[in-house]
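The values are calculated or read from the model by the stated rules, or taken from the named source; none is laboratory data. Please read these numbers as outputs of a predicted model, since none were measured by experiment. Reconstructed Cβ throughout: ideal geometry from the backbone, glycine too, with neighbour counts over all protein chains shown. Heads up: the accessible areas ignore ligands, DNA and RNA and are worked out on the full protein's heavy atoms, side chains in. Shrake-Rupley method; radii C 1.70, N 1.55, O 1.52, S 1.80 Å.
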Amino acid sequence: MLAKVRTAAVQGLDAYPVDVEVDVGGGLPAFTIVGLPDTAVQEAKERVRAAIRNSNFEVPSRKITINLAPADVRKEGPAFDLPMAIGILLATEQIRASGLDGAMALGELSLDGGIRPVPGVLSIAMAARAGGIHTLIAPAVNAQEAALVEGLQVYAVRSLFQVTQHLEGEEVLTPVRSPPHSDAGADYAVDFAEVKGQAYARRALEIAAAGGHNVLMVGPPGAGKTMLARRLPTILPPLIWDEAIEVTRIYSVAGRLNGHGPVRERPFRSPHHSTSSAALVGGGTVPRPGEVTLAHHGVLFLDELPEFHRDALEVLRQPLEEGFVTVARVQSTVTFPSRFMLVAAMNPCPCGYHGDGLRECLCTPSQIARYLGRISGPLLDRFDLHIEVPRVPSGDLMTTLPAEPSTDIRTRVLRARARQQERLGSLGACNAGMTGRLLRKYCRLDEEGRTFLRAAIERLGLSARAHDRILRLARTIADLEAADVLTNAHLAEAVQYRAFDRPLRLLA
Amino acid sequence: MGDNDDIRIVARDDEEYPSALRPISDPPRELFVRGTLLPQDEIAVAIVGARRASEYGKAVARRLAADLVACGVTIVSGMARGIDGAAHQGALDGGGRTIAVLGCGPDMVYPKEHAPLMQRIIRSGAVVSEFPPETPPRPEQFPQRNRIISGLAKGVVVVEGRIGSGSLITADFALEQGREVFAVPGNIFEETTWAPHQLVAQGARLVVSALDILDELKIPHGSVQRPAAVSLSDEERAVWQQLSFTPLHVDRIAANCGQPVALISRVLLSLEAEGLVDALAGQRYVKKV
Ligand SMILES: Nc1ncnc2c1ncn2[C@@H]1O[C@H](COP(=O)(O)OP(=O)(O)OP(=O)(O)O)[C@@H](O)[C@H]1O
Ligand SMILES: [Mg+2]
Ligand SMILES: [Zn+2]
C-alpha cells in the first residue's frame, strides 16, 4: 500500500516542502530510500526500524521503498525520521489517520521511539503556513519556536507512540499557545552599570550605538575592552518583533535555540582569531549560518584584530558592505543576512602597554609602527571610531558608586536614532549608513566650521581620509544633543575618536 | 639608504671644518656633512640626555633649545630618541639652527622614525659624522662620537639620564675639552634624574632657564622672550590648570574638573590645536612649553 506524509526541509534560512512517499509491497524484504538522501538520511533506516519496534508496532518483512520528493534536491539530516515512520505505519495499516490532511510532521527518532529536536523548525513553520498548511507536528523542544507563527496549530510531541495516539484520536493533544507579540522583553546578563570609570570609552560607545558606527578599541591587556564590547548590545535599540523573529530563525537553523522561544536580545558574537573563513561566513555541504549571520542585528566582536588571518578579514568584506553573505555550493547557492555592528579590539603595541602610564612599554617606535601597520588602510576604513581604552586605576575599580545603567544610555541612543530616522526617512537608517551624497546634504558646515576643521586637520597632522569620518561622527554627536547645526564643539569631539588618523600620537 | 649626492667630505684643513674641533685631543680627520656648517655655528650649545625620557625632560629640552636659538645659539645633539630629538625639534620649531652628530654613516637614518626630523635638520643646519656612508650604527661608535658633540659646543646641557647614562660620557669629554657642563634638575624619585643630579653634586652648573646657560657662556641675550600670552576661555583655563608635565588621562582631567568627558575632550582638542597641550598615546595630555 502507498502512504504519503508531508514534511519540509531547510535550505539556507528558508524551507521548502518535501513529500515522504512510502510504498510497502511484495518482493524480498528490503528498505530503500531514494530522492537524494545523504548519509544521515540513509541511517534513518536503523532508527526508524528500532523506533517502530520499541513503540509496540511491527516492521513488516516486506519491501519498503521511501521516496523523498522532489527527488532532485539533496536531503540531509534526521528530521525525516518521524514522517517516514508515520508513513510506514500508515502503509502497513497499523494506524489509521484522518488528521494528516493539511498537516506536516518532522522530528528525529531515537531508538526507543522518543522524538528529538531538529534545527530550522521556525523556518519550516513559516514555510508551512505560507504553503497553506494548518497543522505542524513537531518535537516538543522545538514547539515554542514553531508556535511563533500565527495561524498554525502546533502539536508538541515527545514520542512516536504519542503521535500515533493523537492521530488515531485516542489521546488528542492540545495545540501549543503562541507567546504574545511584543517588542519588549530583552533581558541581558550584563549592564553598563558594572563598568567602573572609563568615562571616555563609555561616551564613545554611546556615540557608536547612537549612529550605528563600527568601533575599534586599542588598549592594554585587562583594560576592559571585551567587557565594554559585550555591553554594547544593551544600549542598542531593542529588537522589534520582526527583527527578533529573524534572529530566532537564524539561531533555529544553526541548531542553537535549545528550546527557547523568540530571541529578544541582540546577539553578541566573539569568534576567536583562529576561526576559519567558512565558520565566519557560513558553510557546509548544506550551508549553515556563520558568525556574521549569528551576529545579525547584533554585534560582531573581533578581539586581537591583528591576529586574524588576512583571508578571514577578506571574507568579511561582502557582509560589511552589503549586509548579507552568499554561500555558493555545487547543489545550491544560499544567502544569509548579516547586518551587524563591528567592534574590534587590539593592543597598542607588541608588549601591550604603550601609553598605559602605569607600566612601562619597552617597544621601540618602529616596532610599534610596524605593529599598528598590520591594520591595513581598507580595514581601518571600516571603523568610524578608533578609541584608546586605558586600564582603570585600581583605586577607581574599587569605587562602590554605581555607574550609569544601560537603560539610561539607551534612552539617549533611542532619541538620537529617532532623529536620524526622521531625517533619512527610512526605518532603521542611521548616520553610519549615509552615502557620500547624504553626508554632503546633512553634514554641511558653515564658513567657521570649515575653517576649524581645516585648521584641525592641518595642525594635528590628521590624515586626509579623516575629513568625512569626522563629519559623520559630528552628525551623531549633534543628534545626541538634539542639535540641527554642526558646531565646532561637535567637530572637536569627533576628532577625539579618530586615533588612527593621528599616527604620530599613537607613537608618542 | 639616503642618496649619497648631498654628502660632502670636510677635511681638517678645509675652511669649513669647525674650528672648535681643531684643538680637541682626538679631532676627526674628516667629517661627512649633509647640510651646511656656518661660522655662526661656533656659538653652539649641546643638549643631550636619555632616550627613554619623561615628558618633563622632553619639554625642558624643547624649551631650552627654543630659547637658546632665539639668541642666535646653534643647538648640537645626537639625534637619538627622547631628549636629543626634542632638542633638535625645539631648535627647529624656534626657527634656529641645529647640528646632529651621528654614530653611524650620514646616509643612515637611525632611529628610523627620525627620517622627517633628519630632513629638517639638513635644511636648517647639518647632519655630520666621522663615519663614512653606509656605516651601520654600532654600539661602540656612540661613545666615540660623543666627543664631537661636546667638542662642537661651548657647553653641554644634560637633561635626563639614568645610572651609567651615555650623557655622562659626553659630560666627561666636555670637561676634558674645557667646555662647561650644565645639568637640569628633576624629580628625585625618578630614575631619569640620577645623572643630572650626580653632575650637579660634582660641580656642574644647575640650569633652570636658558639664562643660566647664556650668562655662564657670556652669550649676549637682550631679553629672552616668553611666548606671547594667549587668551584662554574659562573652560580652557579650567582644563589647563589641571595639566602638568605628568601625563594625565582625559577621564582623570574630566573628573578633576567635575565636567562631562564629552566637554573636556572638546576643550582639550582646541587647546591642542592652539599648540598649548600635547596629546600622547592613550588619550593622555601634558602641558606644552
Ligand atoms: N572599568 C572596569 N570596571 C569594572 N571591571 C573592570 C573594568 N576594567 C576591567 N575590569 C575587570 O577586568 C577584567 C578584564 O577585562 P577584559 O577582559 O574586558 O579586558 P580586555 O581589555 O579585553 O583585556 P585582554 O586584552 O586581556 O583581552 C574584566 O572582566 C573585569 O572583571
Ligand atoms: Mg579581551
Ligand atoms: Zn610596548
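Values as computed for the structure displayed
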{"read-out": "Subset of the range A:447-482 [open to solvent by 20 Å² or more (accessible area, probe 1.4 Å), more than 20 Å from residue A:214 (Cα to Cα) and either in contact (Cβ under 8 Å) with a residue 24 or more places away in the chain or within 14 Å of chain B (Cβ to nearest Cβ) (or both)]", "value": "A:448, A:451, A:452, A:454, A:455, A:457, A:458, A:459, A:460, A:461, A:481, A:482"}
{"read-out": "Residue among A:378, A:319, A:402 that alone is assigned to a helix (DSSP H, G or I) and open to solvent by 40 Å² or more (accessible area, probe 1.4 Å)", "value": "A:378"}
{"read-out": "Given (1) under 19 Å from the mean Cα position of the chain (by Cα); (2) not in a strand (DSSP E or B), index of the condition residue B:188 fails", "value": "(1)"}
{"read-out": "Candidate set: the range A:178-235, residues that are over 26 Å from residue A:470 (Cα atoms) and among the polar types (S, T, N, Q); chosen: the one modelled with the lowest pLDDT", "value": "A:182"}
{"read-out": "From the options B:262, B:254, B:229, residue that is at pLDDT 90 or above and either in the same structural domain as residue B:90 (by TED's automatic domain parsing) or open to solvent by 10 Å² or more (accessible area, probe 1.4 Å) (or both)", "value": "B:262"}
{"read-out": "Close pairs from the range B:119-130: first assigned by TED's automatic domain parsing to the domain that holds residue B:99, partner of a type in the set (A, V, I, L, M) and open to solvent by 10 Å² or more (accessible area, probe 1.4 Å), Cβ under 6 Å, at least 6 apart", "value": "B:120/B:92; B:124/B:92; B:126/B:37"}
{"read-out": "Leading residue by the ranking (most open to solvent (accessible area, probe 1.4 Å)) among those in the range A:1-44 that are of a type in the set (S, T, N, Q) and under 23 Å from residue A:289 (Cβ atoms)", "value": "A:39"}
{"read-out": "Residue pairs meeting the criteria (Cβ under 6 Å; at least 6 apart or on separate chains; first closer than 20 Å to residue A:111 by Cβ, in the range A:76-98; second in a loop (DSSP other than H, G, I, E, B) and of a type in the set (Gly, Ala, Ser))", "value": "A:82/A:107"}
{"read-out": "Residues within the range B:260-289 that are part of a loop (DSSP other than H, G, I, E, B) and more than 7 Å from chain A (Cβ to nearest Cβ), tallied", "value": "6"}
{"read-out": "Answer residue from the range A:335-364, given it is modelled with pLDDT of 90 or more and of a type in the set (A, V, I, L, M) and is farthest from the chain's Cα centre (by Cα) among those", "value": "A:346"}
{"read-out": "Filter result for the condition that a residue is under 30 Å from residue A:375 (Cβ atoms) and touching a residue at least 24 places away in the same chain (Cβ under 8 Å), over A:415, A:502, A:419", "value": "A:502"}
{"read-out": "Members of the range B:237-259 found to be of a type in the set (Lys, Arg) and at the interface with chain A (Cβ under 9 Å from one of its Cβ atoms), listed by number", "value": "B:252"}
{"read-out": "Residue in the range A:346-367 that is outside any loop (DSSP other than H, G, I, E, B), hydrophobic (A, V, I, L, M, F, W, C) and within 16 Å of ligand 3 (Cβ to nearest atom) present", "value": "yes"}
{"read-out": "Residues of the range B:56-81 satisfying the condition of being open to solvent by 10 Å² or more (accessible area, probe 1.4 Å), within 8 Å of the chain's Cα centre (by Cα) and small (Gly, Ala, Ser)", "value": "none"}
{"read-out": "Subset of the range A:352-366 [surrounded by 16 or more Cβ atoms within 10 Å (Cβ to Cβ), more than 16 Å from ligand 2 (Cβ to nearest atom) and more than 9 Å from chain B (Cβ to nearest Cβ)]", "value": "A:363"}
